[in-house]
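Structure record follows, encoded as structure tokens.
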Amino acid sequence: MVLLPEDERFMAAAIRLSRQHLGLTSTNPSVGCLIVKDGVILGGGVTALGGRPHAEPQALAAAGEGARGATAYVTLEPCSHYGRTPPCAEALIAYGVARVVISVTDPDQRVSGRGINMLREAGIEVDTGILEREGRRSLAGYLMRQTRNRPYVTLKLAVSADGMIGKTGEGQVRITGDIARAQVQMLRAESDAILVGIGTAIADDPELTCRLPGLEDRSPLRIVIDDELQLPLGSKLVRTARQYPVIAVAGHPPSFDENTDAAFLGRRAVLDAAGVEVLQSNSSEPGELLEALGTRGISSLLVEGGARTAQRFLDAGMVDRILLFQGPADIGEGGIESPVLKSNIPADFMHVGESRFGDDLCDEYERGF
Ligand code: AOF
Ligand code: ZN
């Protein structure tokens, strides 16, 4: 494999392009593709909204005749199967591309190496694994759902200088500033679903939508772990459920007999009538819920709290990434301790980045998979 000095630079650009449609391509990955010749980008494409067309035919169409003899940079191995669109590998061959540079190979059993073989058999030079770590990160939701049938889980926590995530009985406490909050809204826009526990839903009355101007329609599916269905009808979540879907996850402990618990059934019917979907799953085993979400096409989940919910996901080994936002002020007396701090991040996580948003810092930790 002979890599050129510009290969990483163009792959980084293709990855950036792919992120534009993160969370918007349904169960398909959001892939980026650039067609480059003599150091000039002749065309670019990102998997279209809803998942089709794929990235490559769009980039090729933009480059037109110029694609002959060019290099294609693709964040995911081009597909080789006849789905609702013809194989992208075939399109790259037909346009006369000379070289294809790939970041991540595709675990989809219909592809999985066949795309690369098709290209090589047609005499195209293929290099794989370029910026693979960054590529895998941009495709994390897709890769996790393909290989484990569950969404990729990001735990986001906002922690005060003294290690607290809130204050007992005070509802929403301001820990981070506006710039960090906007960043969290961006995270929501990129996620398929967002989850909180009933304690947070009652204490904070959060909306859990994306309110960035122009991105309101990118709000994720909102999920509340709500064993006994206590979600108040007057909560913002319930009041907006018809506009932005809400799932309440009711538990089913062994002693619980749903047929005789009329009060529970009553609450269930009322939530149902308000447009909230009720799903039953054992809350002390987050894996059960995650599998149900994977099966319905959810590839990425943002867990936003509170402490108990975060701890349950951590204990079950169901957190793949931790984003620890750190505000500059103390909360002091009555503070609710964060389940994780910089000083006690679980050992299997790696520190992969640190960013500053206004007065706040954000540390990012990841677990490989
Ligand atoms: C590519 N480029 O931009 C994307 C790809 O249902 P289909 O026919 O659209 O196929 C979905 C599969 O296609 C998906 O699982 C993955 O293997 C691939 N996605 N491939 O060459 C793209 N989005
Ligand atoms: Zn394709």
What percentage of all Cα-Cα pairs in the chain are separated by more than 34 Å? 34 percent
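Can you tell me the FRET efficiency between TYR82 and ARG148 if r is taken as the Cβ-Cβ distance and R0 is 30 Å, rounded to the nearest 0.05? Walk me through the numbers on the way to the answer.
Values: r = 26 Å, r/R0 = 0.88.
Working from the Cβ atoms, E equals 0.70.
Among 108-119, 25-36, how do they line up from the highest to the lowest mean number of other beta-carbon atoms within 10 Å? Could you put the intermediate results ahead of the total?
Working: 108-119: 18.2, 25-36: 24.8.
Final packing ranking: 25-36, 108-119.
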Additional length obtainable on full extension of the chain from ARG16 to GLU288, 0.36 nm per residue less Cα span: 94.6 nm
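When averaged across all projection directions, what area in nm² does the alpha-carbon convex hull of the range 21-149 cover?
Values: hull surface 27.8 nm².
About 7.0 nm², averaged over all directions.
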In debye to the nearest 20, the charge dipole size for the chain, taken about the Cα centre with +1 at each Lys and Arg Cβ and -1 at each Asp and Glu Cβ, equals 880 debye
Within the range 76-107, list the residues whose amide N lies under 20 Å from a label point set 7 Å along Cα→Cβ of ALA61. 76, 78-97
Added length on full extension, which subtracts the Cα-Cα distance from 0.36 nm per residue, ILE179 to ARG296: 38.8 nm
Between Rg and the Kirkwood Rh of the range 238-342, both from Cα atoms, what is the Rg to Rh ratio? 1.02
Translational diffusion coefficient of the range 97-249 at 20 °C, 1.002 mPa s, Stokes-Einstein with Kirkwood Rh over Cα pairs, in µm²/s as a whole number. 115 µm²/s
Which lysines have a Cα less than 29 Å from the Cα of LYS236, not counting those fewer than 8 places away in the same chain? LYS156, LYS167
Percent of all alpha-carbon pairs of the range 299-347 at distances over 15 Å, whole number, is 51 percent
Using 1/(1 + (r/R0)^6) with R0 = 35 angstrom and r between the beta carbons of ARG308 and GLU132, what's the FRET efficiency to the nearest 0.05? 0.45
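Relative contact order for the range 49-203: what percent, with Cα pairs under 8 Å and sequence separation of 6 or more?
16 percent
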Report the Stokes-Einstein translational diffusion coefficient (µm² s⁻¹, integer) for the range 175-300, Rh taken as the Kirkwood radius over Cα pairs, at 20 °C with viscosity 1.002 mPa s. 140 µm²/s
Starting from the alpha-carbon convex hull of the range 56-132, give the projected area averaged over all orientations, in nm². 4.6 nm²
Rounded to the nearest 500, the 222 nm mean residue ellipticity computed for the chain from DSSP H runs (n ≥ 4, each -39500 (n - 2.57)) alone is -8500 deg cm²/dmol
Calculated FRET efficiency for the pair ALA98/GLU228, C-beta based, R₀ 51 Å, to 0.05: 0.25
Relative contact order of the chain: what whole-number percent is it, with Cα pairs under 8 angstrom and at least 6 residues apart? 16 percent
Three-way shape label, the range 142-205, alpha-carbon gyration tensor, a/c 1.5: prolate
Could you give the radius of gyration (one decimal) and Dmax (whole number) of the Cα atoms in the range 280-369, in Å? 14.7, 43
How about the range 30-100: which chymotrypsin sites (Phe, Trp or Tyr not before Pro) there lie in a loop by DSSP and see at most 14 other Cβ atoms within 10 Å? TYR82
Given the Cα-Cα distance of VAL2 and GLU354 and 0.36 nm per residue of separation, how much length would full extension add, in nm? 123.5 nm
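FYI, it's all coordinate maths here, none of it is from the lab. All values reported here derive from a predicted model rather than from experimental measurement. Using ideal geometry, Cβ is built from the backbone for each residue, glycine included, and neighbour counts are taken over all protein chains shown.
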